[in-house]
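**Student:** Starting off with a structure, shown below.
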Amino acid sequence: MVVLRERITRELLPFVTRPGQYIGGEYNQIVKDWDSTQLKMAFLFPDTYEIGMSFVGMRILYHVVNAQPDFLLERSFAPLVDMEARMREKGIPLFTWESGRAVKDFDVVGFTLQYEMSYSNILNMLDLAGIPLLAKDRVSGPLVVAGGPGAFNPEPVADFFDLFMLGEGEELLPELLAAYEKSKQAGESKHDFLVKAAQIPGVYVPSLYQVTYGEDGVIKEILPLENGPAVVYKRVLPDMDLAMYPDKELVPLTQVVHDRLVLEVMRGCTRGCRFCQAGIIYRPVREKSVDKLIQQADALLESSGYEEMGLMSLSTADYSCVNELISELLDRYSEEGVGVSLPSLRVDAFSVDLAEKVQKVRKSGLTFAPEAGTQRMRNVINKGVTEEHVLTATKAAFSQGWSQIKLYFMIGLPTETKEDLDGIIDLAVKVLQNGKEIAREKGIRKPLKVSVSVSSFVPKSHTPFQWFGQNTLAELKEKQHYLKEQAKQYKNLSLNYHQSEVSFLEAAFSRGDRRLGQVLLKAWEMGCKFDGWTEHFKYQTWIDAFAACGYTPEFFAYREMDKDEVLPWQHLSCGVSQKWLWHEWQKALAEDLTADCRHNPCSGCGVCQKLGVDNDLKGAGR
Amino acid sequence: MSIFRCCYRIQGNISFLSHLDLLQAWQRILRRAKIPVSMSQGFNPHTKIAFGPARPVGVESLREYFDIELQQEMEVADFSQQLSLALPEGISLEEVRPVQVGEKSITALIAMANYSVWVEAHNGMDIKKRIVDLLAKEEIPYLKTSPKGDKIVNLRPGIFVLEWDGEMFTMQLLAGNSGHVRPEEVLSCLGIEKEETKRMLRTDLLCADGARP
Ligand code: SF4
């Protein structure tokens, strides 16, 4: 074993770009004794170290698993292309960052499914590890599992995994590992273990479900076998103050994307934006108390030496004690030069004030996400934001000295018309004009800039828009072109958009079923990996891979689904009922709003009743 | 105001950190250790630390230096103890001493570096001859590549010592403000491939007069 570690040092690291990303050894890294630890798990992030290390979920599970005396967890990431080539040339398998051991030697190998375009990397990493890709070909060797948001529709990767974990892993993962350890000791077969594991709440074993298709290619039935539950419900923690959270953070030695301490202030969001999957699958809202957060911040800062702390959640300005928390944090730490940052802003003046409060140095840009250009469209998506909000927020930002505003929009939303596209430009222009006026009044010379970022809407499973067929590539491109032309007429207004081919494939995978496993395998064989990276994304290869398997991405992405259609993820639930989602879909078409249940009566999504939890707000701050 | 000169050792895989990454890592180490580092005034305040010359990526070192200015007086012993507790694996403190008033900063002092380099077994005779031939040249042109552009430099004036004992090279090379010759460059001039290198160790950083800083 030691031999592999030495080979990595000698034969790989001197020959690759930025070798520092492969060495581990971060402060607070945990390296447990291999021989005396019963069950070993490798956590694989299907993207680079730089990206993976910014992912909080991994940091939490790292702490949770390693806190158990009988388990250990080590990390591995996707090697960059030059490193991979060198590994293959030298015959060095994928290894873990902690001890430089082969991933194949671990009992459990776990991935996180964060975005569809990382799926090809999963196959590539399994292959680099020397683990057979298809679950059915793995009689012995590590159990291959996954969690994360993608586990709510894991069907496109179902062929490659032994099981998935739905929902929050803090309790579920240790339970699963304990069960696996017991099963290993008893000498059970993998199949016997999986049949038992399927009884653990939150565990989904895809091989225990038989999927049949009709003539039209639509799913006819999803049939559980061997006592598999008809519906697998996610796991959820009722009280975030009681949830395990690391008191020591891994401190990366090289640059990572978000190089700061992360304080998770709450989980879940009930604003109910109809396009947003996170807003459904992480329900309900569960906040941590200010006391708890201060206690965690103290410990983490002390043990890390970080100079910046990010307050993380789906919408931190919605945290009921956000003012109190920020004041307290600034009081305690600003003297030591520790800054506080907010990852995302709500579209209102309150959020601008928060940003102003935490702003430490030079003012650069602020980002807001109105998501749609007209009130009608914003009602369809239930984004509770008015033009008034957008204008006050951006005015406040300009007055307080910000000179660059970035606005996020989506195109290709259900019911979209040309008016809604024009609305995007109109709104941006109004923001710009306001800015100019303010600059004139205040005698500000700095040039103003408004940049509009337009993404193509991808319908996601477990949202009210899951039934909606995506706009075609041609439509999206035409819309992008139209917007670009409109924006050109204005100075100081820039507009950019993402590659719509990526959004198209994302939609196919996000709404896809098991049959896509073959396509994924084919695409990987044909050389696809790092699809989330523009420079590596091979659209034509993907299309060829679909064709080679006899499918089209159009079928999965463009098809408007029927109310009665069996959805590929019908048996996987986050507690929010399909009935409610359909109801929301109909309300969307009627341009009808649904209020946030934090401050209004329950709107009946069902998660609280189904899973025995509640919105848990720690402050009165309503 | 007091300035401490710190000498540390960096060994193992952490030597694959780039110089810049290591500077950033030191900022966090100092914060964890609660060392009261002086800050520069101005718009973008930064800590007052001066580092010795960059260490080539992948080269381990027995003696790396930085000078650090403290906001308040501290005992050397306390300073060393606090700092040692905050170090990541692979970095250890060798020596800390106060810098006297009037002493030059570490950046200005360092002029050369000593290296030990182990390579795969070679025919000793041949290497010895290559060394003699190389050192006999008046000019050793070498193409240095960098993101800023490539240029050809003469390595010869920067090679002070180059010896081979059958297993290991001993080198003394130019390092510091007036330029750098890297051991890898010298090896390449001797026709030794990177693949054949087993380990590179910087053993010392020295002033122009050969003394330690
Ligand atoms: S069940 Fe009601 S209160 Fe709970 S998250 Fe859903 S809508 Fe909100």
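The values are calculated or read from the model by the stated rules, or taken from the named source; none is laboratory data. Predicted model only: the values in this text are computed from it and were never measured. As a convention, Cβ positions derive from the backbone with ideal geometry for all residues, glycine included, and neighbour counts pool all protein chains shown.
**Student:** Quickly run through the range A:483-518 and pick out the residues that are in a loop (DSSP other than H, G, I, E, B) and surrounded by fewer than 20 Cβ atoms within 10 Å (Cβ to Cβ).
**Tutor:** A:Gln489, A:Tyr490, A:Lys491, A:Asn492, A:His498, A:Gln499, A:Arg514
**Student:** Still on this structure, please answer the following. Would it be correct to say that B:Leu155 is crowded, with 17+ Cβ neighbours inside 10 Å and within 14 Å of another protein chain (Cβ to nearest Cβ)?
**Tutor:** Answer is no for this residue.
**Student:** Restricting the search to the range B:54-72, which residues are in contact with a helix residue (DSSP H, G or I) (Cβ under 8 Å, 6 or more places away or on another chain) and in a loop (DSSP other than H, G, I, E, B)?
**Tutor:** The answer is B:Ala54, B:Arg55, B:Pro56, B:Val57, B:Gly58, B:Val59.
**Student:** A further question on this structure: Inside the range A:278-297, can you point out the residues that are out of contact with any Phe, Trp or Tyr (no Cβ under 9 Å at 6 or more places or on another chain), in contact (Cβ under 8 Å) with a residue 12 or more places away in the chain and away from the ligand (no atom under 14 Å from the Cβ)?
**Tutor:** Hits for the range A:278-297 are A:Ser289, A:Val290, A:Leu293, A:Ile294.
**Student:** Need at least 1 residues that are in contact with a Pro (Cβ under 6 Å, 6 or more places away or on another chain) and not assigned by TED's automatic domain parsing to the domain that holds B:Asp78 per element, so show me which strands (runs of 3 or more DSSP E) inside the range B:88-199 make the cut, counting only ones lying wholly within it.
**Tutor:** Passing ranges, in order: B:110-119, B:151-154, B:168-174.
**Student:** Among the residues of the range B:1-49, which ones are within 23 Å of A:Glu26 (Cα to Cα), in contact with a Pro (Cβ under 9 Å, 6 or more places away or on another chain), at the interface with chain A (Cβ under 8 Å from one of its Cβ atoms) and outside any helix (DSSP H, G or I)?
**Tutor:** B:Leu17, B:Ser18, listed by residue number.
**Student:** Taking the range A:542-573 as the region of interest, how many residues are within 18 Å of A:Ile222 (Cα to Cα) and in contact (Cβ under 8 Å) with a residue 40 or more places away in the chain?
**Tutor:** Number of matching residues: 13.
**Student:** Which residues, taken from the range A:605-619, are near the ligand (Cβ under 6 Å from one of its atoms) and either assigned to a loop (DSSP other than H, G, I, E, B) or within 14 Å of chain B (Cβ to nearest Cβ) (or both)?
**Tutor:** A:Cys605, A:Gly606, A:Asn615
**Student:** Please verify whether B:Val99 is among the β-branched types (Val, Ile, Thr), away from chain A (no Cβ under 14 Å) and over 18 Å from the mean Cα position of the chain (by Cα), treating the condition exactly as stated.
**Tutor:** yes
**Student:** From A:Glu554, A:Glu560, which residue is away from chain B (no Cβ under 14 Å) and either within 16 Å of the ligand (Cβ to nearest atom) or part of a loop (DSSP other than H, G, I, E, B) (or both)?
**Tutor:** A:Glu560
**Student:** Filter the range A:573-597 down to residues that are surrounded by fewer than 19 Cβ atoms within 10 Å (Cβ to Cβ), within 11 Å of the ligand (Cβ to nearest atom) and in a loop (DSSP other than H, G, I, E, B), then give me how many there are.
**Tutor:** Residues flagged as surrounded by fewer than 19 Cβ atoms within 10 Å (Cβ to Cβ), within 11 Å of the ligand (Cβ to nearest atom) and in a loop (DSSP other than H, G, I, E, B) within the range A:573-597 amount to 3.
**Student:** At least 1 residues that are in contact with a strand residue (DSSP E or B) (Cβ under 9 Å, 6 or more places away or on another chain), among the acidic types (Asp, Glu) and more than 14 Å from chain B (Cβ to nearest Cβ) in each: list the strands (runs of 3 or more DSSP E) lying fully within the range A:174-264 that qualify.
**Tutor:** Those strands (runs of 3 or more DSSP E) span A:219-224, A:261-264.
This table checks each residue for (1) more than 13 Å from A:Ala487 (Cβ to Cβ); (2) within 21 Å of the chain's Cα centre (by Cα); (3) in contact (Cβ under 8 Å) with a residue 12 or more places away in the chain.
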| site | (1), (2), (3) |
| --- | --- |
| A:Gly401 | yes, no, yes |
| A:Asp420 | yes, no, yes |
| A:Asp426 | no, no, yes |
| A:Leu432 | no, no, yes |
| A:Arg440 | yes, no, no |
| A:Lys449 | no, no, yes |
| A:Phe465 | yes, yes, yes |
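**Student:** Might you check whether a residue that is aromatic (Phe, Trp, Tyr) and closer than 28 Å to A:Thr417 by Cβ occurs anywhere in the range A:481-494?
**Tutor:** yes
**Student:** Next question. Given the criterion hydrophobic (A, V, I, L, M, F, W, C) and within 24 Å of A:Val3 (Cβ to Cβ), identify the matching residue among A:Ala102, A:Ala135.
**Tutor:** Checking each option against the conditions leaves just A:Ala102.
**Student:** Moving to a separate point now. Of all residues in the range A:335-355, which are under 20 Å from A:Met266 (Cα atoms) and within 14 Å of chain B (Cβ to nearest Cβ)?
**Tutor:** Answer for the range A:335-355, where residues must be under 20 Å from A:Met266 (Cα atoms) and within 14 Å of chain B (Cβ to nearest Cβ): just A:Gly339.
**Student:** In addition: Could you list all residues from the range A:298-334 that are in contact with a Lys or Arg (Cβ under 8 Å, 6 or more places away or on another chain), within 14 Å of chain B (Cβ to nearest Cβ) and of a type in the set (A, V, I, L, M)?
**Tutor:** The answer is A:Ala299, A:Leu300, A:Met309.
The rows are residues; the columns are (1) within 19 Å of the chain's Cα centre (by Cα); (2) modelled with pLDDT under 95; (3) aliphatic (A, V, I, L, M).
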residue: A:Leu223; (1), (2), (3): no, no, yes
residue: A:Pro229; (1), (2), (3): no, no, no
residue: A:Leu237; (1), (2), (3): yes, no, yes
residue: A:Met244; (1), (2), (3): no, yes, yes
residue: A:Val262; (1), (2), (3): yes, yes, yes
residue: A:Arg267; (1), (2), (3): yes, no, no
residue: A:Arg283; (1), (2), (3): yes, no, no
residue: A:Arg286; (1), (2), (3): yes, no, no
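Every residue, every condition in (1) assigned to a loop (DSSP other than H, G, I, E, B); (2) aromatic (Phe, Trp, Tyr); (3) surrounded by 15 or more Cβ atoms within 10 Å (Cβ to Cβ), yes or no:
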residue: A:Glu416; (1), (2), (3): yes, no, yes
residue: A:Asp422; (1), (2), (3): no, no, yes
residue: A:Leu432; (1), (2), (3): no, no, yes
residue: A:Glu437; (1), (2), (3): no, no, no
residue: A:Ser451; (1), (2), (3): no, no, yes
residue: A:Val454; (1), (2), (3): no, no, yes
residue: A:His462; (1), (2), (3): yes, no, yes
residue: A:Gln466; (1), (2), (3): no, no, yes
residue: A:Glu475; (1), (2), (3): no, no, yes
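**Student:** Could you please give the count of residues in the range B:200-209 that are in contact (Cβ under 8 Å) with a residue 24 or more places away in the chain and not in a strand (DSSP E or B)?
**Tutor:** Total meeting the criteria: 1.
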